[in-house]
1. Among the residues in the range 135-146, are any small (Gly, Ala, Ser) and farther than 30 Å from residue 30 by Cβ?
2. Name the residues in the range 110-144 that are among the aromatic types (Phe, Trp, Tyr) and at pLDDT 90 or above, would you?
3. For the range 161-176, what are the residues that are of a type outside the set (A, V, I, L, M, F, W, C) and in a helix (DSSP H, G or I)?
4. Are there any pairs with C-beta distances below 6 angstrom linking a residue in the range 183-195 that is exposed (fewer than 11 other Cβ atoms within 10 Å of the Cβ) to a residue that is of a type outside the set (D, E, K, R) and assigned to a strand (DSSP E or B), with the two at least 6 apart or on different chains, and if so which?
5. Select from the range 96-143 the residues that are polar (S, T, N, Q) and more than 13 Å from the chain's Cα centre (by Cα) and list them in ascending order.
6. Within the range 158-177, count every residue that is out of contact with any helix residue (DSSP H, G or I) (no Cβ under 7 Å at 6 or more places or on another chain), over 16 Å from residue 130 (Cβ atoms) and touching a residue at least 12 places away in the same chain (Cβ under 8 Å).
7. Could you give every pair whose Cβ atoms fall below 8 Å, whose first residue belongs to the range 69-86 and is under 14 Å from residue 26 (Cα atoms), and whose second residue is among the aromatic types (Phe, Trp, Tyr) and modelled with pLDDT under 90, counting only separations of at least 6 or pairs across chains?
8. Using the structure shown, decide if residue 151 is closer than 23 Å to residue 193 by Cα and acidic (Asp, Glu).
Amino acid sequence: MDLQLYLRPLRGTYLDCPIALPPDLLVIEPAPLKPIEGLAPAIANHPVVARSPWLLVLDPQQLHLAAQLPCADFVVRGFESAELTARAQRLLHTRPKREALLRSAQVTLDLAARLARLNDQTLPLTPQEFALLRYLLQHPGRPLSRDQLLDAAWGPAYTGTARTVDIHIRRLRVHLGPSAHHLQTLRNLGYRWVP
């Protein structure tokens, strides 16, 4: 298994995420003996990492907190690297398998690499634009409300307005260029992808 590693510090309750799309798994290792009570809310409120399972490194003195944390698994500091690898692999293998490619018209989405292509040209999509396009392509011909699209791209915890979808759809159309006609507006309802 090929695991990509990104290291970023957690400063207070601010989590600096090095990527724009949710990773398959996070391994979070707080500084030794640092209080971890603010960790779960920091992760839950982060727009990217909140959508990923996480494995936490705990100090032996913090084991009593493990049951209260929404982490997928944990290891005790001083672990062997083989244990961490085994736990990460187990978590990655228990995740539902995703279809690798979505194709419709001239658009191809590589879900594993999180890349969108129009013909052979890579589209520079933001995470929300990619999530919107993926959801639309996964439901071809189906009318989708702004609320459904908000949930798909931002998650149910998002507190902004549904008009955010309109802005991102406009940007998507610019990226899609001549293929933008596949993305139809449904007056007073939402949008639909027509292959």
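The values are calculated or read from the model by the stated rules, or taken from the named source; none is laboratory data. Computed from a predicted structure; not experimentally measured. A quick note on method: Cβ atoms are made from the backbone with ideal geometry, for glycine too, and the neighbour counts reach across all protein chains shown.
1. Yes, the conditions are met somewhere in the range 135-146.
2. Residue satisfying the conditions is 130 alone.
3. Correct list: 163, 164, 166, 168, 170, 171, 173, 175.
4. From residues that are exposed (fewer than 11 other Cβ atoms within 10 Å of the Cβ), the pairs are 195/104.
5. Those that are polar (S, T, N, Q) and more than 13 Å from the chain's Cα centre (by Cα): 104, 106, 108, 119, 121, 122, 138.
6. 3
7. Every condition considered, the pairs that remain are 71/54; 72/54.
8. Yes.
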